Amino acid sequence: TAMLAARPWSFPASVAPVLLGASLAFKLDDVFSPLCLCLATGCAVAVHAAGNLVNTYADYARGVDGRASSDKTLVQGALSPPQVRALITAAYATGALLGLPLIPLSRAPAGVLVGLLLAGAGSSYAYTAGPALKYRALGDALIMATFGPLLVSFSYVSQVGAASWTALRASIPLALQSGAILHANN
């Protein structure tokens, strides 16, 4: 039940940009670290899972999820609100634990990697909780920025140590794809 609440069928949306960033690092700069790729992928998936769980919790708390909703985790009592909060904490903690080793392993300055990690975690939270950008007509833009430029840049920077305009441009199709997936889901 906990795994289903994290919506694992959505994880390819976070894996693809990480793979693209690492592929571009290899193609453009002849740099590739399998360990950095694995850590970045795990971190991205963990934060994505946290974001999905935050969405479940926040929608339920706001009364948005009901019998007609596609996410019935809390509505039907498969998990309790405290259980979902615990899963959110565990997912963010997993993301942090996987992201921390990137700091000494990567060529990137620590502040840049930490900034990208915090941007991803903040994005996953802000979509439905906090400022709840999803309800302010900014959710689609946030998702497109996160699953395009942010994740591709995170992966590329963790490999190469610096950002690239080429990597940012290459992220645009993934951003558009994420927007289309979100549109179809909504």
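Just so you know, all these numbers are worked out from the coordinates, no wet-lab data involved. Not measured: the values here are computed from a predicted model. Neighbour counts are summed over all protein chains in view; Cβ atoms, including those assigned to glycine, are modelled from backbone coordinates with ideal geometry.
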What does the extension gain come out to for ASN186 and ARG67, with contour length at 0.36 nm per residue minus their alpha carbon separation?
41.3 nm
Quick one: dipole size for the chain, taken about the Cα centre, charges +1 on Lys/Arg Cβ and -1 on Asp/Glu Cβ, in debye to the nearest 20.
240
Checked against the positive end of the charge dipole of the range 5-120 (+1 on Cβ of Lys and Arg, -1 on Cβ of Asp and Glu, about the Cα centre), the farthest of LEU98, THR73, GLY21 is THR73
Backbone HN-Hα couplings from phi across the range 120-131 [Karplus 6.51/-1.76/1.60, Hz, Gly and Pro as x]
x, 5, x, 4, 5, 7, 5, 4, 10, 9, x, x
Quick one: which residues, 5 or more positions from ALA129 or on another chain, have an amide H under 5 Å from its amide H? H modelled 1.01 Å from N in the peptide plane, none for Pro or chain starts.
none
Can you show me the helix-derived [θ] at 222 nm for the chain, built from DSSP H runs with n ≥ 4 at -39,500 (n - 2.57) apiece and divided by the number of residues, rounded to the nearest 500.
-21500 deg cm²/dmol
Quick one: dipole size for the range 1-95, taken about the Cα centre, charges +1 on Lys/Arg Cβ and -1 on Asp/Glu Cβ, in debye to the nearest 20.
300
In terms of the charge dipole of the chain, which places +1 on Lys and Arg and -1 on Asp and Glu at the beta carbon, the residue among ALA40, SER164, ALA58 farthest towards the positive end is ALA58
Label-to-label distance, nm, for residues given as LEU168 and SER80 (7 Å Cα→Cβ offset):
4.8
Distance in nm between ARG107 and TYR135 label points, each 7 Å along Cα→Cβ, equals 4.5
Average projection area in nm² (convex hull over Cα atoms of the chain, one quarter of hull surface):
9.8
With x for Gly and Pro, the residue-by-residue ³J(HN,Hα) of the range 95-105, computed from phi through the Karplus equation 6.51 cos²θ - 1.76 cosθ + 1.60 at θ = phi - 60° and given in whole Hz, is x, 5, 5, 7, x, 4, x, 5, 4, x, 7
Under the Karplus curve 6.51 cos²θ - 1.76 cosθ + 1.60, θ = phi - 60°, whole-Hz ³J(HN,Hα) for the range 137-153, x wherever Gly or Pro sits:
6, 10, x, 4, 5, 5, 5, 5, 5, 6, 8, x, x, 5, 5, 5, 5
